[in-house]
Amino acid sequence: MMGNSLVPAPLSRLPWKLLLLVIGITGFGLVVLYSAAGGHLKPWAFSQGLRFCVFLVMALVLARVPEGFWKAAAFPLYIGILVLLILVEMLGFVGGGSQRWLDLGFIRIQPSEMMKLAIVLALARYYDLLPVGQIRSWSAMWPPALAIGVPLVLVMIQPDLGTSLMIAAGGITIMFLAGLPLWIFIGGGLALAAAVPIAFSMLHDYQQKRVLIFLDPESDPLGAGYHISQSKIAIGSGGIFGKGFLNGSQSHLDYLPEGHTDFIFATMAEEWGLVGGLAIIIGFIMLVRWGLRVGQRAQTRFARLTAAGLATTIFFYVAINLMMVMGLAPVVGIPLPLFSFGGSAMMTVMICIGIMMSIERSGQRRSSFG
């Protein structure tokens with residue numbers, strides 16, 4: 001049957017259901033960016049679409065990489081990105097009041113974004129090497145805690161609260177999935193709660209304002225609470241079916257700040273309503289579900305932890321952004337992946353998808369060879 005098919009074998013073997021899902025989510029995002037620009041491809045939709053094509057090809061290339069490569073690269077990748085984070089503190093480019101980028105002349109990179117991936121790979125590899133009998137010993141706790149803590153502090157200094165939360169969430173997820181005792185997480189949560197006043201005092205003034213505004217957004221509706229207030233207005237005014245394509249007033253009249261980046265969900269919800277919002281949420285649920293199923297079907301401990309960790313990384317992106325734009329969490333600058341304008345989050349998520357496709361492909365080949 002394959003020999004008589006009009007579709008070449010390499011194309012027929014691609015995971016088309018997954019690819020169409022990713023293309024669908026991104027395509028909807030391009031439509032929203034087109035509308036946010038007043039019905040113009042520039043400055044956002046065209047460059048975003050071009051960027052996606054490049055990253056999609058990159059993900060398909062990564063899918064061909066054997067699982068063993070990711071095992072071998074886990075620790076060197078973590079160490080390399082940690083060195084880059086240190087270099088950011090010494091030589092980093094300052095933009096928007098934050099020192100997060102390294103300017104290499106031909107490209108500007110944000111190492112903290114890549115640490116979200118590196119921490120998952122490194123801890124998955126660590127627990128893959130750790131004997132099962134030591135999972136309740138201190139050796140299963142303090143090295144991963146140190147591996148999370150060092151980049152966490154470096155990213156907090158930049159300052160970048162959102163990315164630091166993502167790094168911590170990814171690392172803690174791997175520790176939980178590895179099978180560490182539940183009391184560690186309960187004790188850690190209680191200790192974190194007790195340390196909240198100290199941590200709050202260490203935040204920058206604008207970060208403290210974000211937390212206070214989250215607790216009472218109406219206290220400064222025209223100042224620090226403006227983003228959340230306008231976002232709620234945009235989402236609520238969309239109703240069930242929205243105001244219609246190109247008919248959003250909050251974004252077109254510039255009432256909604258960052259309507260093409262962090263608050264793009266509010267831009268979309270105003271024009272497409274609850275129906276559009278549910279479509280995006282269901283799309284991301286299907287994407288995360290696929291990643292978790294890749295982890296469930298994986299045949300090695302490293303592959304199971306990595307796939308599940310990368311899937312939950314995508315989940316944290318989406319969950320934090322949606323909670324942020326709905327006023328359920330402080331504004332921490334986490335974009336909606338594949339949807340918000342910008343390359344960093346899209347690149348990270350497409351690398352996650354590429355690695356998970358690599359794990360799935362390696363597992364299928366291992367099964368076919370018995």
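The values are calculated or read from the model by the stated rules, or taken from the named source; none is laboratory data. Everything numeric here is computed off the predicted structure, so don't read it as measured data. As a convention, Cβ positions derive from the backbone with ideal geometry for all residues, glycine included, and neighbour counts pool all protein chains shown. Surface accessibility is based on the protein's heavy atoms, side chains included, excluding ligands, DNA and RNA. Shrake-Rupley method; radii C 1.70, N 1.55, O 1.52, S 1.80 Å.
Here are the numbers:
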item	result
Proximal charge balance of residue 268 [Cβ under 14 Å; K/R count +1, D/E count -1]	-3
Virtual spin-label span in nm between residue 41 and residue 186, 7 Å along Cα→Cβ	5.9
Accessible area per residue, Å², the stretch 237-281 with all protein chains present, probe 1.4 Å	43
Lys, Arg +1 and Asp, Glu -1 on Cβ, resulting dipole of the chain about Cα centre, debye, nearest 20	1540
Sulfur and carbon atoms: percent of accessible area, the chain [1.4 Å]	71
Charge-dipole axis of the chain as Lys and Arg at +1 and Asp and Glu at -1 on Cβ define it, positive-most pick from 109, 332, 80	80
Where the stretch 139-181 is the region considered: accessible area per residue in Å², 1.4 Å probe	33
Extreme residue, positive dipole direction of the chain, given options 153, 30, 132 (C-beta unit charges)	132
GNM result for the chain, Cα springs below 10 Å: residue of 165, 278, 82 fluctuating most strongly	278
